[in-house]
1. Does the stretch 18-26 contain at least one residue that is hydroxyl-bearing (Ser, Thr, Tyr), modelled with pLDDT of 90 or more and more than 21 Å from residue 183 (Cα to Cα)?
2. Go through the stretch 241-267 and give me each residue that's in a loop (DSSP other than H, G, I, E, B) and not aliphatic (A, V, I, L, M).
3. Name the one entry in 114, 194, 127 that is closer than 16 Å to residue 56 by Cα, open to solvent by 50 Å² or more (accessible area, probe 1.4 Å) and modelled with pLDDT of 90 or more.
4. If you check 6, 91, which single one turns out to be at pLDDT below 90 and either buried (at least 17 other Cβ atoms within 10 Å of the Cβ) or over 30 Å from residue 209 (Cβ atoms) (or both)?
5. Scan the stretch 198-214 for residues that are surrounded by 23 or more Cβ atoms within 10 Å (Cβ to Cβ) and more than 30 Å from residue 53 (Cα to Cα) and jot them down.
6. Can you spot a residue in the stretch 195-204 that is of a type in the set (Gly, Ala, Ser) and touching a helix residue (DSSP H, G or I) at 6+ places or on another chain (Cβ under 9 Å)?
7. Would you confirm, using the coordinates I've provided, whether residue 238 is without any contact (Cβ under 8 Å) to a residue 24 or more places away in the chain and either in contact with a helix residue (DSSP H, G or I) (Cβ under 9 Å, 6 or more places away or on another chain) or not in a loop (DSSP other than H, G, I, E, B) (or both)?
8. Looking only at residues in the stretch 150-167 that are more than 15 Å from residue 53 (Cα to Cα) and assigned to a strand (DSSP E or B), which one is most open to solvent (accessible area, probe 1.4 Å)?
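The values are calculated or read from the model by the stated rules, or taken from the named source; none is laboratory data. These figures come from a predicted structure and were not determined experimentally. Cβ coordinates were reconstructed from backbone atoms using ideal geometry, including for glycine residues, and neighbour counts include every protein chain displayed. These accessible areas exclude ligands, DNA and RNA; they are computed on the full protein's heavy atoms, side chains included. Shrake-Rupley method; radii C 1.70, N 1.55, O 1.52, S 1.80 Å.
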Amino acid sequence: MRLSRAVVPAVVAATLVLTGCSNDAVPTPDRSPTQSATATADVRTIISTVVVDGVVEANPVISVFAPVDGVIEMRPNTATTLLAGAAIGSAGGVEIVVPADGMLIEQLRKTGDSVAANTPIASVAYSGHGVRIVVPPEQLFRLYQEPVYGKVNIIAGPAGLDCVLAPAVTVAADEPAGVICLLPREAEVVPGLSAKVGINTGQRDSVVALPVSAVSGSSNQGEVTIVRGNERIRTSVTLGISDGAFIEILEGVAVGDKVLSFAPKLG
């Protein structure tokens with residue numbers, strides 16, 4: 001499944017805006033003897049989640065995209081009612097499949113058309129309910145990988161529902177691109193209910209991690225203060241993903257290293 005590029009960029013490098021800036025590693029005298037608390041780099045699984053608001057819809061319409069660049073070949077006599085995984089054609093020899101059970105609403109391309117990857121090929125109405133969401137621009141930086149699933153809590157309704165994300169069809173040119181989180185067909189919901197959707201935007205297992213509060217920096221580069229005896233060594237680090245409490249350290253710190261639990265200051 002591929003999501004709209006306007007909503008979910010292709011793989012995005014982990015981005016965390018904290019405080020401070022990065023310098024070359026240099027020994028720094030301890031100017032804050034009263035602030036000597038330390039944190040130890042350890043191994044963790046980090047799961048990054050973005051929580052957004054949504055509204056339940058019945059039979060939401062989703063887009064089916066070309067998986068790769070190539071010439072389209074649509075299958076003749078494609079059934080109106082489709083099952084998840086059914087192929088409606090191919091692009092460059094790669095099958096174009098529908099992400100969920102539904103009804104074919106519109107075929108947007110025909111055999112012989114040359115298209116780029118992620119071009120909408122057809123629209124399908126899901127045979128169940130979904131939660132329509134729009135990811136705010138300020139949250140886009142946290143989408144480290146293409147999200148494919150989420151958890152839904154219906155306000156004043158069922159909670160912890162699994163859902164599968166699919167790109168929503170937009171009608172107006174100025175309509176923000178959205179995502180439909182497709183609920184299980186047996187979910188007991190009705191259209192119009194408000195919901196909270198947690199989108200898993202990235203996961204790293206068994207990685208070196210530190211508390212976010214101990215790291216300063218921006219983009220994928222940061223800085224920490226390593227503690228070795230009485231030494232305080234300001235050190236550059238390469239950052240991975242974050243869950244808001246801990247952040248993945250790709251380079252610069254090893255398991256067991258102690259760092260000051262407060263981030264290095266500017267300058």
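1. From the stretch 18-26, those hydroxyl-bearing (Ser, Thr, Tyr) are 19, 22; that's our starting set.
Then drop every residue that is not modelled with pLDDT of 90 or more, which leaves none.
No, every residue in the stretch 18-26 fails to be hydroxyl-bearing (Ser, Thr, Tyr), modelled with pLDDT of 90 or more and more than 21 Å from residue 183 (Cα to Cα).
2. Step one: of the stretch 241-267, the residues in a loop (DSSP other than H, G, I, E, B) are 243-245, 252-257, 261-267.
Answer for the stretch 241-267, where residues must be in a loop (DSSP other than H, G, I, E, B) and not aliphatic (A, V, I, L, M): 243, 244, 252, 256, 257, 261, 262, 264, 265, 267.
3. Details: 114 fails: closer than 16 Å to residue 56 by Cα; 127 fails: open to solvent by 50 Å² or more (accessible area, probe 1.4 Å).
After ruling out the rest, the residue left standing is 194.
4. Values: 91 fails: at pLDDT below 90.
It is 6.
5. Listed by number, the list holds a single entry, 214.
6. Going through the stretch 195-204, the residues of a type in the set (Gly, Ala, Ser) turn out to be 195, 198, 202.
Filter once more, so that each one left must be touching a helix residue (DSSP H, G or I) at 6+ places or on another chain (Cβ under 9 Å): 202.
Taking every residue of the stretch 195-204 in turn, at least one turns out to be of a type in the set (Gly, Ala, Ser) and touching a helix residue (DSSP H, G or I) at 6+ places or on another chain (Cβ under 9 Å).
7. Values: without any contact (Cβ under 8 Å) to a residue 24 or more places away in the chain: yes; either in contact with a helix residue (DSSP H, G or I) (Cβ under 9 Å, 6 or more places away or on another chain) or not in a loop (DSSP other than H, G, I, E, B) (or both): yes.
Yes: the conditions hold for residue 238.
8. Of all residues in the stretch 150-167, those more than 15 Å from residue 53 (Cα to Cα) come to 158, 162, 164, 166-167.
Cutting the leftovers down to assigned to a strand (DSSP E or B) gives us 162, 164, 166-167.
Numbers: 162: 89, 164: 70, 166: 1, 167: 3 Å².
So, considering only residues that are more than 15 Å from residue 53 (Cα to Cα) and assigned to a strand (DSSP E or B), the one most open to solvent (accessible area, probe 1.4 Å) is 162.
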